[in-house]
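J.: Okay, handing you the structure first.
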Amino acid sequence: MTRRASFLTGIAVLLVCFVPIRAHAQVGAPFQLNLHEPWSMAIGAGDTMYIADRLNYRIVQLSPEGAVLGRWGGFVRRYYDAGPMGVAVDVDGAVYSTDPAGSRILKFSPAGVVLAAFGTFGDGPGQFLVPVGVAVDGRGFIYVADALANRVEELSPLGRPVREWGTWGTRPGQFEHPFGVAIDGAGHVDVSDHLGGRVQAFSADGVYLRQWGHAGRRPGQFLLPFGLTVDRQNDLYVADELNRRVQELAPDGTVLHVWGGMHSTLFADPSGAALDGRGRLYVLD
């Protein structure tokens, strides 16, 4: 885990206009929030935002304008493991978050009521070591990136184990600490391989399909890729943490746009990324 232990300022909002001249993308003013090492975010119905505010052990719910609508916890506290790392929203508005110290996934109502908890500590089916990223597909199946087990685990809508895939390594289908998870329009599961410097795509049943990038600083390469999101054209957006940038890639791997970078002041430490219903890209920094 590489996130720096410092107080972060909030959200930088990138207003991305999906027009042929992508250089015309506009950058909005940051939302200044009282967050302590936020790791990921998701956007639900009505463009309501949910942020995993890790070291405050809570989920923060925001309006599209950045007003705080709610805060809730329920996460296990331990001095060496902190609060929620991943967050996702399903089609019915339920909110899911990883709880690494509890080795589980929590499911909340949109109002923050705990509806269910899935998982226990371990490396067997339905168990987790350090669950980080989480995503939910249109059927309600849950995909969890377990960074320490170096695998992705799929759960049914009721939280029952369906399958898992991945081991430690650099070959296709292996991981060096998977972090972010996103589901594209075809139901494919995209996973950021944090130390591996790449993003891998799998079918919904865990079959390896392709990868984007490898470790490096050039466009299309990554250093500690973190959060992921996918738009309606199945373009992939990657928070490229150590390169201090966000990259947009086409399904064939073509680099379409890069925001930030080592010589830019736009980002200090980008981690999460999400798209709202109008195609605006939000980046957690």
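J.: Under a plain spin-label model, where a point goes 7 Å from the Cα along Cα-to-Cβ, how far apart in nm are Arg139 and Phe121?
T.: 3.3 nm
J.: Using 1/(1 + (r/R0)^6) with R0 = 35 angstrom and r between the beta carbons of Asp252 and Val91, what's the FRET efficiency to the nearest 0.05?
T.: Between Asp252 and Val91 the formula returns 0.80.
J.: Could I ask something else about it? What is the mean projected area of the alpha carbon convex hull for the chain, to one decimal in square nanometres?
T.: Taking the Cα atoms of the chain, their convex hull projects to 12.9 nm² on average.
J.: Sorted by accessible area with a 1.4 angstrom probe, largest first, how do Glu248, Glu164, Glu65 fall?
T.: Glu65, Glu164, Glu248
J.: Solvent-accessible area of Thr170, probe 1.4 Å, all protein chains present, reported in Å² to the nearest ten, please.
T.: We get 100 Å² for Thr170.
J.: Let me ask something else. Give the distance, in whole Å, between the Cα centre of the stretch 142-197 and the Cα centre of the stretch 211-285.
T.: 18 Å
J.: Can you compute the FRET efficiency between Tyr208 and His263 using 1/(1 + (r/R0)^6), with r the Cβ-Cβ distance and R0 = 30 Å? Round to the nearest 0.05.
T.: E between Tyr208 and His263, to the nearest 0.05, is 0.30.
J.: Related question: P(r) of the stretch 108-213 in 5 Å steps, Cα pairs, percent per bin?
T.: Calculated over all Cα pairs of the stretch 108-213, the distribution is 2, 14, 25, 25, 18, 10, 4, 1, 0 percent.
J.: What nm distance separates the two modelled labels at Ser63 and Asn234, each placed 7 Å from Cα along Cα→Cβ?
T.: So the two model labels end up 3.8 nm from each other.
J.: Assigning unit charges at the beta carbon (Lys, Arg +1; Asp, Glu -1) and nothing else, what dipole magnitude in debye, to the nearest 20, does the stretch 122-167 show about its Cα centre?
T.: 120 debye
J.: Taking every pair of alpha-carbon atoms in the stretch 173-228, what share in percent sits in each 10 Å bin, from 0 to the bin with the longest distance?
T.: In whole percents, the pair-distance histogram is 29, 55, 16, 0.
J.: While we're looking at this one, here's another question. Along Cα→Cβ, 7 Å out, is where each label goes; now give me the distance between the ones at Arg163 and Asn34 in nm to one decimal.
T.: In this crude spin-label approximation the distance works out to 4.6 nm.
J.: While we're here: Kindly state, to the nearest 0.05, the FRET efficiency for Arg171 paired with Arg217, given R0 = 25 Å and r defined as their beta-carbon distance.
T.: Once the sixth-power term is evaluated, E becomes 0.60.
J.: Then there is this: Run the accessible area of the stretch 56-127 with a 1.4 Å probe and give the carbon-and-sulfur part as a rounded percent.
T.: 52 percent
J.: Taking every pair of alpha-carbon atoms in the stretch 191-282, give the share separated by more than 15 Å as a whole percent.
T.: Value for the stretch 191-282: 55 percent of Cα pairs lie more than 15 Å apart.
The values are calculated or read from the model by the stated rules, or taken from the named source; none is laboratory data. Just so it is clear, the model here is predicted, and its values are computed rather than measured. Quick reminder, even Gly has a Cβ in these numbers, built from the backbone with ideal geometry, and neighbours come from all protein chains shown. The protein model used for the area step is the full one, side chains on, heavy atoms only, and it has no ligands, DNA or RNA in it. Shrake-Rupley method; radii C 1.70, N 1.55, O 1.52, S 1.80 Å.
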